[in-house]
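The values are calculated or read from the model by the stated rules, or taken from the named source; none is laboratory data. Bear in mind that the values here come from a model prediction, so they are computed numbers and not experimental data. Here Cβ is always computed from backbone atoms with ideal geometry, including for glycine, and neighbour counts include all displayed protein chains. SASA here: full protein model, heavy atoms, side chains in, ligands and nucleic acids out. Shrake-Rupley method; radii C 1.70, N 1.55, O 1.52, S 1.80 Å.
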Amino acid sequence: MFNKNNFLLGFGTGYTTTEKDLFEKIELIKLTGCPIVELSLLSPDIYSEIRNLDKLKKALSSFRSVSVHAPSKEFRYDNSKRSRDFLKRINQICQAINPTILVVHPDVIDNLRVLSNLKWPVGIENMDWRKETGRYPEEL
C-alpha cells in the first residue's frame, strides 16, 4: 500500500570537491523548500575537505531527512588501512549529521564486513546498465 506520508523525495547535492561548494549546494536546496537532501559525497577527497562538522550539522538541521552517498569511484571498501581510516571519517561525519541512510555502490565493495562497523543503515544501491553487476535484485 502506498502511503504518501512515508514517501521521501528530495534533491542531491551533486558531485562536490570542496566544503564551500557543498555548503553552497545545501543552501540552494534549502531555497526549494524540499525537506529531503542527499549529500553526494562521491569523491573520497571531500571527506578531508569537510572540516566544520558543527556548521554542517546546522546547515542540515532544517531537513527532515538526510542521506549520504558514499564514494562510488576511486575507492574500494576492503580491509586496507586506507579503507578503515576512511570509514572512521565517514563515521565522524555521520555522527554529526545523523543520516537516515548511507548509500554505497555494490561494485566497489570487496569486503562487505568492513561496512558492519558503521553505525548507520547502509543501503546498497542498484547499478545502471553500464555496470557489469549489481543491476538486478538477484545480483545484489
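A few remarks follow.
- Selection within the stretch 9-34 - under 17 Å from the mean Cα position of the chain (by Cα) and under 18 Å from VAL103 (Cβ atoms): LEU9, GLY10, PHE11, GLY12, THR13, GLY14, TYR15, THR16, LEU22, LYS25, ILE26, ILE29
- Residues that are without any contact (Cβ under 8 Å) to a residue 24 or more places away in the chain, in a loop (DSSP other than H, G, I, E, B), charged (D, E, K, R) and open to solvent by 70 Å² or more (accessible area, probe 1.4 Å) do occur in the stretch 116-132, at least one of them.
Residue-by-condition table, conditions (1) under 21 Å from VAL122 (Cα atoms); (2) in contact (Cβ under 8 Å) with a residue 24 or more places away in the chain; (3) open to solvent by 40 Å² or more (accessible area, probe 1.4 Å):
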{"position": "PHE11", "(1), (2), (3)": "yes, yes, yes"}
{"position": "LYS20", "(1), (2), (3)": "no, no, yes"}
{"position": "LEU31", "(1), (2), (3)": "no, no, yes"}
{"position": "ILE46", "(1), (2), (3)": "yes, yes, no"}
{"position": "GLU49", "(1), (2), (3)": "no, yes, yes"}
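- From the options ASN98, ASN79, residue that is touching a residue at least 24 places away in the same chain (Cβ under 8 Å) and under 26 Å from PRO35 (Cα atoms): ASN98
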